[in-house]
1. Only one residue in 327, 353 is over 19 Å from the mean Cα position of the chain (by Cα), in contact (Cβ under 8 Å) with a residue 60 or more places away in the chain and within 10 Å of the ligand (Cβ to nearest atom). Which one?
2. So, in segment 276-318, how many residues would count as being in contact with a strand residue (DSSP E or B) (Cβ under 6 Å, 6 or more places away or on another chain), more than 11 Å from the ligand (Cβ to nearest atom) and closer than 22 Å to residue 407 by Cβ?
3. When you check residue 441 against the structure, is it over 26 Å from residue 529 (Cβ atoms) and either in contact with a helix residue (DSSP H, G or I) (Cβ under 8 Å, 6 or more places away or on another chain) or more than 16 Å from the ligand (Cβ to nearest atom) (or both), yes or no?
4. Could you run through segment 226-266 and say how many residues are within 9 Å of the ligand (Cβ to nearest atom) and assigned to a strand (DSSP E or B)?
5. Restricting segment 188-217 to residues that are assigned to a loop (DSSP other than H, G, I, E, B), touching a strand residue (DSSP E or B) at 6+ places or on another chain (Cβ under 9 Å) and touching a residue at least 60 places away in the same chain (Cβ under 8 Å), which is surrounded by the most Cβ atoms within 10 Å (Cβ to Cβ)?
6. Run down 529, 471 and say which single residue is within 16 Å of the ligand (Cβ to nearest atom), at pLDDT 95 or above and part of a helix (DSSP H, G or I).
7. Just to check your reading of the model, which residue among 379, 384 is within 16 Å of the ligand (Cβ to nearest atom), touching a residue at least 24 places away in the same chain (Cβ under 8 Å), closer than 30 Å to residue 135 by Cβ and part of a strand (DSSP E or B)?
8. Within segment 15-35, is even one residue assigned to a strand (DSSP E or B) and in contact with a helix residue (DSSP H, G or I) (Cβ under 6 Å, 6 or more places away or on another chain)?
Ligand code: HC1
């Protein structure tokens, strides 16, 4: 560590740190707009400027390295005036319709304008580009009139996800973010992951808001409106109501959904248990038939779309299992509807998902077991939070309630689906037990846990090695596929891939945390820890032990992999 001085006080920070990192480590906040740790470190917006003794011009703290004895000033009049001027320049072309902006109250630009007394006066009116709205994609919309050209979205798409379907078009005053040849996002090979949205500091890009469709269904006396919530929502929804990151709010989430008027509040986790039973069965069939290997998981629709668009040669390796969201819809509109005597055409199925690609998934072909779409609308965590606010529910003061029966009780294995490695561990719990028997089967497969982008493990089962790999974030998945699998460097039998880095807990539909938070805490680790502690607290931790899973196989589906199970719970893929 070396000594530096910030605003006249002595501090220590590791050599090689930037001024921003050194200040942060000593609890001094320097504002940023373009900078996002490990994603966008380009020093372009000049909001983070500070003074350094002996250096004539102000320097950008996000890229400027500290030196022994450096004297830094972050709070001088000169610094404040420079930041204010930068904000005024940004505002001069920013569409200042803040009142009902989807990010109002959670906009990083708005927060800085407040801190630096930048008001929305008429003097910001001037020439404007008046960009057209891009609403060509199913999952999101883009309003470039609110874009501040920080390029965080471009970095998320390119650096993290290796998709690169957006970039800066044109030069100078008409520079804008878009796709090649000005195609709409719905016309290019975007995988709908939404990682650009959670990186955006303003309301320039956001999920396609479908709350109105759900309000309408709730108002319609003809509709039986059922909601299911993905594994990770319970540990992230609280953030939208200022609760600490990683707090499990399952009880209040259920209470809120009930008060919004849903006829049944069910848990996607139940279907995650079905996914495991079906997928483990598929894996064991491949073990018996010698492949094709590796088997890839198929529950992340961003990954499935990537596979179809960029690696169609791997389609035969994709598990044919629908995702838990879709399995849930299929079971609700068939088994549950028959059991309860409800006409499936009247059931309106809503998924609350941490994922914008789920909005695309519900529109896929071959996802309508009852003859109607398995799921009607997928809302993100953020949209649910807006519905709760609009309904005037004081989230933190709601009582804790339980999911409805019978589709509300799942095993621990289902909870961990929401974190990278969780689907693999859940599948191994079931598959290995079927191979070695109950007594000898381990419960924990800790080698596949943790937030590394690529993880590998080998398990010796009945005298043979089973090689598994886990990747999260498409950039990591691409590396795994192109550098290890396709080169033949390694032979894997089973591979889990999640489209978002860290898995669904870090999905593109989760509450947006500003750079000030993302730069200082490990959001994904905190959220994941909450899911693993739920798993540990459960008595039943293997999907096939779930009483409701066993009952529905007995009553309806016959057996894992049966014809009926295939008709309801499996799907197909195409280029
Ligand atoms: Fe996921 Fe899944 S875990 S895909 O990561 O298999 O979105 O949370 O709902 O469907 O169960 C997401 C999360 C989610 C599905 C499940």
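1. Among 327, 353, only 327 is over 19 Å from the mean Cα position of the chain (by Cα), in contact (Cβ under 8 Å) with a residue 60 or more places away in the chain and within 10 Å of the ligand (Cβ to nearest atom).
2. 1
3. Here the answer is no, as residue 441 does not meet what is asked.
4. Going through segment 226-266 one residue at a time, the tally reaches 2.
5. 194
6. Details: 471 fails: part of a helix (DSSP H, G or I).
Of the residues listed, the single one that is within 16 Å of the ligand (Cβ to nearest atom), at pLDDT 95 or above and part of a helix (DSSP H, G or I) is 529.
7. Only one candidate qualifies: 379.
8. Checking segment 15-35: not a single residue is assigned to a strand (DSSP E or B) and in contact with a helix residue (DSSP H, G or I) (Cβ under 6 Å, 6 or more places away or on another chain).
The values are calculated or read from the model by the stated rules, or taken from the named source; none is laboratory data. Everything numeric here is computed off the predicted structure, so don't read it as measured data. All Cβ positions, even for glycine, are placed from backbone atoms using ideal geometry, and neighbour counts span all protein chains on display.
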